[in-house]
1. Pick from Glu19, Glu123, Glu132 the residue whose mean-square fluctuation is largest in a GNM of the chain, springs joining Cα atoms under 10 Å.
2. Find the eigenvalues of the gyration tensor of the Cα atoms of the chain, then list the square roots of 5 times those eigenvalues as equivalent ellipsoid semi-axes, largest first, in whole angstrom.
3. Taking amide H positions as placed 1.01 Å from N in the peptide plane, with prolines and chain starts having none, which residues 5 or more places from Asp67, or on another chain, fall under 5 Å of its amide H?
4. Taking the Cβ of Ala93 as the center, what net charge do the other residues with Cβ under 15 Å away carry, scoring Lys and Arg +1 and Asp and Glu -1?
5. Of the residues Gln20, Gln140, Gln43, which exhibits the maximal mean-square fluctuation in a Gaussian network model of the chain defined by a 10 Å Cα contact cut-off?
6. Between Arg128 and Arg60, what is the FRET efficiency for a Förster distance of 22 Å, r being their Cβ-Cβ separation, to the nearest 0.05?
7. What list of ³J(HN,Hα) couplings, whole Hz, do you get for the stretch 97-113 from phi and the Karplus terms 6.51, -1.76, 1.60, once you set θ to phi - 60° and write x for glycine and proline?
8. Return the single residue from Leu110, Leu129, Leu83 with maximal mean-square fluctuation; model: Gaussian network over the chain, springs between Cα atoms under 10 Å.
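What follows is calculated from the coordinates using simple rules that are stated; it is not laboratory data. For clarity, every value in this text was computed on a predicted model and none was experimentally measured. Note that we place each Cβ from the backbone using ideal geometry, even for glycine, and neighbour counts take in every protein chain shown.
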Amino acid sequence: MFGELASYERLSDQLRATEQTLSSALFGEHAVAHALIAERSSQAAGYALFFATFSTFLAREGVWLEDLFVRPSHRKAGVGTALLAAVAARAAAQGGRLEWAALDWNELALGFYRRLGARTMGEWVTHRLDGEALSRLAEQAGGTLASGVERRR
């Protein structure tokens, strides 16, 4: 289903996940993410992939929803709502919040989120460092500040 999501989002060229890396991320010694799989009529209908965040303002753990994907043949059947509700229950139990991003052109998803009561955080702009820019900045981490921060963890 990762491939189906990447294709839908027009990001297939960025898909690097393998069975091994996914297994490590979800089930390894240092698992960093969780996933829920929805089934309908004994078929995988969709999934939600999420991980913990932390809010300094709330001083509480929250949840970042990385992916919410429902296969086209299972849409409009409550699968997305069920998956999102299950993730929301985890965030609510922690007293935190649930956040995610959506592509600005994906009106199907944006409308779904609006109907659920989600609000767009228009005042926040997402930033990303990857590839060469990430490597360039990471090279600057050799100083004492970086090692001092690491020791305090």
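1. Result for the chain, Cα springs under 10 Å: Glu132 fluctuates most.
2. Values: eigenvalues 176, 78, 61 Å².
They are 30, 20, 18 Å, listed from largest to smallest.
3. Under 5 Å from the amide H of Asp67 lie the amide H atoms of Leu49, each far enough along the sequence or on another chain.
4. Working: positive: Arg60, Arg90, Arg97; negative: Glu61.
Neighbour charge sum, excluding Ala93 itself: +2.
5. The residue that fluctuates most here is Gln140.
6. Details: r = 25 Å, r/R0 = 1.13.
With a Förster radius of 22 Å, E is 0.35.
7. These are the phi-based 3J(HN,Hα) values: 9, 10, 9, 6, 10, 9, 5, 5, 8, 7, 4, 4, 5, 4, x, 4, 5 Hz.
8. Among Leu110, Leu129, Leu83, the largest GNM mean-square fluctuation belongs to Leu129.
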